[in-house]
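Okay, so here's the structure we're looking at.
Any read-out appearing in this document is the output of simple, stated calculations on the displayed coordinates, not a laboratory observation. Remember, predicted model here, so these are calculated numbers, not experimental data. All Cβ positions, even for glycine, are placed from backbone atoms using ideal geometry, and neighbour counts span all protein chains on display.
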Amino acid sequence: MVKVLGKGAAYLDEIRSLLDRIQTTQAESIARAADMIVESVANGGAVHVMDTGHMLMHELFGRTGGLMMLRPVNIAMDVQNPGPARAGKVKPKVYLDQIPGLPQFVLDRSDIFAGDVLIIGSVSGKNTLPVGLALLAREYGVKVIALTSVAYSSALKGEHPSGKRLFEVADVVLDNCGTVGDAVLDIEGVDAKVGPTSGIAAAAIMWTLEMEIIERLTRRGMKPSVWLSNHMPGAGEFNRRAQEECDRRGY
C-alpha cells in the first residue's frame, strides 16, 4: 500500500487511542451525568451549557439528532470605540476572567435556577470564570458537570482565589483524557507540539452523553424533542412542532 498520510495518520492513531480511553475510563462518569440530567429534567429542571471558547457552543446546538432542550450560556462583553490607532496609547486586552464579580452577574442575569444542571467546559480548568461559576452555581443548588482535562489541569495552578481547578469543584467530572498541553504530536522543525485532541474528545463525550440521556428519557416515557436535518423533507414542520413540545414540556 502506498503511504499517503504522514503525521496525519499518526494523529488519527492518537484519536483512536483517545476514544478508546474515553470509553474505557469515562463510561461510569457519563452514566452518572446522564442520570443527574434526567432526574433534573423529570423534576422540571433545565440543562445549561457554558464553554470557555472551544467547540461545545457550536457543536451542541441546532445539530441533527441532538437534543433541543439544551440551553447555551453565552457571555459577551464588547466595547466598541472605533478610531485610528494612536502611537503609544494601546490599552491591554481585558479577558472575561479579569472582570470582578462576573460569575455572580452571569447567574443573576441567566435563567439558571436551583434543581437545574450546568455543564461547564474548560480544557485547562484553571481559570477564574469556570471555577467561580461552578462554585457559585452549587451554592445556588445547581448541579455542575465539568468537561475538562484532569491530567492537564492537575499540572497547572488554579487562578481562582480558592486555588481550585474545575475538576475539583464539580459534582461530576467528564475527563477528556487529554495530555498536558493538549497537543500530541512532534513535527521536526516546529517548536511546539501540534494536533490538539480536546475538541474531538469534547464532541465525542457530549454526543455519548446525549445518547444516554435520550435513551433514559425514552425509557421513562418522556420522549425528548430532537432536531431533524433541515435538508430532510418536512424538516421545517417537524422541527417547529418538536420545538413547541420542548418549550411546553421542557424536554
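Results, tabulated for the structure shown:
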{"read-out": "For segment 155-194, average projected area of the Cα convex hull in nm²", "value": "3.8"}
{"read-out": "3J(HN,Hα) from dihedral phi, segment 132-148, Karplus parametrisation 6.51/-1.76/1.60, rounded to Hz, x for glycine, proline", "value": "x, 5, 5, 4, 5, 4, 5, 4, 7, x, 9, 7, 10, 10, 9, 10, 7"}
{"read-out": "Semi-axes of the equivalent ellipsoid for segment 53-198, Cα gyration tensor, largest first, Å", "value": "26, 24, 18"}
{"read-out": "Charge dipole of segment 141-251 about the Cα centre (unit charges at C-beta), most positive-ward option of Leu166, Ile145, Cys246", "value": "Cys246"}
{"read-out": "Choice from Met50, Met222, Met69 with maximal GNM fluctuation in the chain (Cα, 10 Å cutoff)", "value": "Met222"}
{"read-out": "Square roots of five times the Cα gyration tensor eigenvalues for the chain, Å", "value": "30, 27, 21"}
{"read-out": "Net length gained if the chain between Met55 and Ile99 were fully extended (0.36 nm per residue, minus Cα distance)", "value": "13.5 nm"}
{"read-out": "Residue with peak Gaussian network fluctuation, the chain [Cα springs, cutoff 10 Å], from Glu14, Glu28, Glu237", "value": "Glu237"}
{"read-out": "Potential extension, Ile15-Ile75 segment - 0.36 nm per residue separation minus Cα distance", "value": "18.5 nm"}
{"read-out": "Student exercise, segment 153-199 dipole from Lys, Arg, Asp, Glu Cβ charges, in Debye to nearest 20", "value": "180"}
{"read-out": "Quotient of C-alpha Rg and 2.2 N^0.38 Å, computed over segment 65-124", "value": "1.64"}
{"read-out": "Hull shadow area, averaged, segment 1-138 [alpha-carbon convex hull, nm²]", "value": "14.6"}
{"read-out": "Cα pair distances exceeding 12 angstrom across segment 1-49, given as percent", "value": "73"}
{"read-out": "Choice from Ala203, Ala85, Ala151 showing the highest fluctuation, given a GNM over the chain with Cα pairs closer than 10 Å", "value": "Ala85"}
{"read-out": "Per DSSP, loop trypsin sites (Lys or Arg not before Pro) in segment 161-231 with at most 12 further Cβ within 10 Å", "value": "Arg220"}
{"read-out": "Ellipticity estimate at 222 nm from DSSP helix runs (n ≥ 4, -39,500 (n - 2.57)) divided over the chain, nearest 500", "value": "-13000 deg cm²/dmol"}
{"read-out": "Debye equation applied to the C-alpha atoms of segment 131-223, log10 I(q)/I(0) at 0.10, 0.11, 0.12 Å⁻¹", "value": "-0.38, -0.45, -0.52"}
{"read-out": "Packing-based ranking, highest mean first, of 126-132, 97-103 given that Cβ atoms within 10 Å are counted", "value": "126-132, 97-103"}
